[in-house]
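Participant: Got a structure for you, written out below as structure tokens; questions coming shortly.
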């Protein structure tokens, strides 16, 4: 009687089990997880007709694995995912994830089940998932989405861009009510949504069920109707048609990613951007801009950038990547509110304030530039040999300085006759007004230029340069050439036109720090190029400001002694 009862119970259990497997919403028979002889996939048993046997068995005593598991527990050890921005504690895989890995780590043969004891043979002699398949994860899980960690409210508080688990949709389940496992994203019995996902992932609906990324919903990448290049891009096998539909997976790959931290598709960071921003998928052709002679050399660095790096220190390794200036999750097409403030293209990028503190999201363009051109300066020498040497542009532009170009605030001089509309003495400008593309039709920003120092216009610093509109085009885009050569504020004509001294012989275009200069000698951006301007015989090399349009110089230039030379208008 006991035997018959066991048979009846086993039969009933199997009927329930197989009925569940054949339900329309989870018909495992038509998925690749049907490894039997009837498999619709390329991996199939030679003759075994039972479908569930490859994972499940009605009875198995002494197994540590739940769910009537019919496979050995994988041995590991595994290399877990890690990154500098990770807040969860990731250890070795646990729970149901180990069941998935018993096939997907490639260490246990597909046909090696507990019962029958003899390995089930597969067509073509296949035993393991081929390493070139995306489903072959191996034991190195550092390039895969993290699993087997506690996902609770405390984690969502610590990692603000994770939703509270109480807000997860019903289809996203946590094992034992707190552990994120493979089954949180994948249902091994149901391939309704492709890749055995637990829900439709159009526009990354599954991804954003957990990841509540700042600014994502208003970003260009979340809304773009641009068509994906399925033949030459990174997504030949995607089911989605547009950038918006492909969502996170335009750049990220949850398994076997090209870059471990952040799970980027391509190992070379810039390739994740330039695959679209080459004038094809996206209208902006950044790829061509950065091939110009002078550029931000994103191709020269790999694996150096880290979102957690602190640019207010002096310890960040020299590098430049697209993500140093752009946040792909927040970037949009919004214009800047004024010249000095960030536009949508760089929205969300971190920065360094004029006071030297890191800011999570820059408000001003100069704050983004200060990450590499201030306290953590990548420049080793000035392009012009100045009397006062200062490599930290944050100090150059400090509004407390005796003089500076009005980047971090309006300038000191209330009377600048040469300024052309719309500029006035109260205007502010952006770093990108001077540093950017030399091609007006190219995307705005310092990606690449034909002119040295990544300038938008030509700016000659060589001595004995014949004055022309093109030679000092950078200066003349804001300052009237006519006004300057008419000597309306200073005898520029004799210096620039007659003596052929460049603007840079006297003027330092960024500014002069109050920590080195003073309001008497360094107003009007005066900081001499000492390869052109020499001290007097008594060792004096100075300009003295004597009020509106008045001053005196002690120096030697082009063989002429100024000891002193006075001027006034």
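Every number in this text was worked out from the coordinates using simple rules, so none of it is lab data. Model, not experiment: these values are computed from the prediction. Note: ideal-geometry Cβ built from the backbone for every residue, glycine included; neighbour counts use all protein chains shown.
Participant: Compute the semi-axes of the equivalent ellipsoid of the range 172-243, taking the square root of 5 times each eigenvalue of the Cα gyration tensor, and list them largest first in whole Å.
Facilitator: Taking √(5λ) for each eigenvalue gives 26, 18, 8 Å, largest first.
Participant: What is the mean projected area of the alpha carbon convex hull for the range 500-549, to one decimal in square nanometres? Spell out each step's value before the answer.
Facilitator: Numbers: hull surface 17.3 nm².
For the range 500-549, averaging the hull's shadow over all directions gives 4.3 nm².
Participant: Any idea what the relative contact order of the chain is, in percent, if you count C-alpha pairs under 8 Å spaced at least 6 apart?
Facilitator: 8 percent
Participant: Taking a temperature of 37 °C and a viscosity of 0.692 mPa s, what whole-number D in µm²/s does Stokes-Einstein yield for the range 442-517 with Rh from Kirkwood over alpha carbon pairs?
Facilitator: Reported coefficient: 239 µm²/s.
Participant: Here is a further query. For helix 2-22, what angle does its Cα long axis make with the longest principal axis of the chain, in degrees from 0 to 90 and rounded to 10?
Facilitator: 40 degrees
Participant: Here's another thing I want to ask about it. Could you bin all the Cα-Cα distances of the range 424-569 into 10 Å bins starting at 0 and give me the percent of pairs in each, rounded to whole numbers?
Facilitator: Whole-percent P(r) values from 0 Å outward: 11, 36, 37, 14, 2, 0.
Participant: Mind listing the Cα extents of the range 38-140 along all three principal axes, in Å, largest one first?
Facilitator: The Cα atoms of the range 38-140 stretch 49, 35, 20 Å along the principal axes, largest first.
Participant: What share of all Cα pairs of the range 216-283, in percent, falls into each consecutive 10 Å distance bin?
Facilitator: Percent of pairs per bin, in order: 22, 56, 22.
Participant: Here is a follow-up. How high is the relative contact order of the range 207-258, in percent, with contacts defined as C-alpha pairs under 8 Å that are six or more residues apart?
Facilitator: Result for the range 207-258 is 30 percent.
Participant: Right, next: If you build the convex hull over the alpha carbons only and average its shadow over all orientations, what do you get for the chain? Give it in nm² to one decimal.
Facilitator: Quarter of the Cα hull surface area: 31.8 nm².
Participant: Once you put a point 7 Å from the Cα of residue 462 and another 7 Å from the Cα of residue 493, both along the Cβ direction, what distance in nm separates them?
Facilitator: 2.6 nm
Participant: With every atom except the alpha carbons ignored, what do you get for Rg and Dmax of the range 274-408, in angstroms?
Facilitator: So, for the range 274-408, Rg and Dmax equal 15.6, 49 Å respectively.
Participant: Roughly what would the spin-label model give for residue 534 and residue 118, points 7 Å off Cα along C-beta, in nm?
Facilitator: 10.0 nm
Participant: Could you work out the relative contact order of the range 192-295? I mean the mean sequence separation of Cα pairs under 8 Å and 6+ apart, divided by the number of residues, in percent.
Facilitator: 17 percent
Participant: In the range 112-203, if every C-alpha pair distance is counted and binned at 10 Å from zero, what percent goes to each bin?
Facilitator: The percentages, shortest bin first, are 13, 32, 34, 15, 6, 0.
Participant: Expressed as an acute angle from 0 to 90° and rounded to the nearest 10, what is the orientation of the C-alpha long axis of helix 95-104 relative to the principal long axis of the chain?
Facilitator: 90 degrees
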